[in-house]
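The values are calculated or read from the model by the stated rules, or taken from the named source; none is laboratory data. Given the structure is predicted, the values throughout are model-derived calculations rather than measurements. In this analysis, Cβ positions are derived from the backbone assuming ideal geometry, glycine residues included, and neighbour counts consider all displayed protein chains.
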Amino acid sequence: MSNWGEVKKKLGSVFTSSDSDVELGEDYVELEADLGAESKSKVMVKPFTLNKYEDIKEILNAIREGRTISILNIAPLKEKDLTELKRAIDKVKKTVDASEGDIAGFGENWLVITPSFAKVWRPNQEPTPEPEPETF
């Protein structure tokens, strides 16, 4: 146990208890986990509501980031201004195309927008056949 006391003293000189992310205890040193890198590697499903044209900024940022599947409610803007709705959807479609994502409507008031690694299944779409293994 005397070795642990030496290690603790050395660590104590490197880490002080005034550091915000380090806590020194009697038998261990506890560091807060850095979840920033891990959370960026995950896919997020996020709902958006389109109340006005300016609301597309956050949606476009999510599309460009490439890790968010967006579920977009267009009903509020559809009831207010069809011209603005068309303009907003055109802008979203251009961004989706540029990022090689996919976009599809569900019902009359919902759109789903996916990043490049995901595609939306459509009922009239045939499944992609698996390549057959080569035989010799």
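Is there a residue being hydrophobic (A, V, I, L, M, F, W, C), assigned to a strand (DSSP E or B), within 25 Å of P123 (Cβ to Cβ) and at pLDDT 95 or above anywhere in region 80-101? Let's see the steps before the verdict.
Filtering region 80-101 for residues hydrophobic (A, V, I, L, M, F, W, C) gives 82, 85, 88-89, 92, 96, 98.
The next check asks that each one be assigned to a strand (DSSP E or B); those that pass are none.
No, because not a single residue in region 80-101 is hydrophobic (A, V, I, L, M, F, W, C), assigned to a strand (DSSP E or B), within 25 Å of P123 (Cβ to Cβ) and at pLDDT 95 or above.
Taking V92, is it in the same structural domain as I59 (by TED's automatic domain parsing) and within 24 Å of the chain's Cα centre (by Cα)?
Working: in the same structural domain as I59 (by TED's automatic domain parsing): yes; within 24 Å of the chain's Cα centre (by Cα): yes.
When the stated conditions are applied, V92 passes them.
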